[in-house]
Amino acid sequence: MSKVRLITMEIILSRLEPDESGCLIWRGTTDNKGYGVVRYEKKIWKVHRLIYTQRVGPIPDGFALHHICNTPPCAEPTHLKPILPGDHIFVGKTFAAANRAKTHCPSGHPYEGDNLIIKSRSDGTTFRLCRICTNAAALARYYRIQKKKQDHSS
C-alpha cells in the first residue's frame, strides 16, 4: 500500500517566494497556464485561490480572481481582485480590454453622447462606432456611387 504524502499549509507557504515587484511567486507545480496547483485537504486547489481564501476569506459565489499584477504564479492576496467572469476579459492586457479603454475613435472623435453608436453582432457581442465617421463614410460612398452612375451615363 502506497503512503499518501500530506501537504500542510506550512509546506505550501514555504514554496512561495516574494519577488522585487511585490508578487508572492509559487515555486511548485503549475498548470499549463502558469497557475500554481496543489492538493490540500483532499482537494485540488489553484494556489492563489487557496491563499486568498486562507488570508482574506471566501471568494464570493460566481466570482473569479483577477491577478492585478498579470502574473499567474503570484499568490499575493493584495494582487488578487474578485471580479465577475464575464468582466475578466476586459481587464489586464487583452485586446478586449484595450478596446474597451478607448475613449475616442481613430480620427479623434469622442465615443460619447450623440456621437456614440452601439451595434450588436449576431453572436451577441457589441461594438462601438463613431457617428461622425460613420456619416462621413456613408456620404463618401453616396458620392462615389453617384459619380459612377454619372460616368456610365456619359
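With 0.36 nm allotted per residue and the present C-alpha distance subtracted, the Lys119-Lys42 stretch has 22.9 nm of extension available. In the stretch 1-92, Cα pairs under 8 Å separated by at least six residues give a relative contact order of 24 percent.
Considered as an equivalent ellipsoid built on the Cα gyration tensor, the stretch 54-143 has semi-axes of 38, 14, 10 Å, the largest given first. Computed from the Cβ-Cβ distance with R0 of 35 Å, the FRET efficiency linking His104 to Lys149 stands at 0.50. Considered as an equivalent ellipsoid built on the Cα gyration tensor, the stretch 102-154 has semi-axes of 30, 15, 7 Å, the largest given first.
How high is the relative contact order of the stretch 102-154? Use alpha-carbon pairs under 8 Å, at least six apart in sequence, and give a whole percent. Walk me through the numbers before you get to the answer.
Working: 40 pairs, mean separation 12.7, N = 53.
After rounding, I find 24 percent.
The radius of gyration of the Cα set in the chain, together with its Dmax, comes out at 25.5, 95 angstrom.
For Cα pairs less than 8 Å apart in space and 6+ apart in sequence, what is the mean separation divided by the residue count of the chain, i.e. the relative contact order in percent? Reported relative contact order: 13 percent. Working note: Cα gyration tensor of the stretch 1-92, eigenvalues times five, square-rooted, sorted largest first, giving semi-axes of 23, 16, 12 Å. Using the Cβ-Cβ distance between Asp19 and Asn135 with R0 set to 35 Å, the FRET efficiency works out to roughly 0.10.
Each value in this text was obtained by applying a stated rule to the coordinates, not by laboratory testing. As the structure is a prediction and not an experimental result, all values here were calculated from the model. Cβ atoms come from the backbone with ideal geometry, glycine included; neighbour counts cover every protein chain shown.
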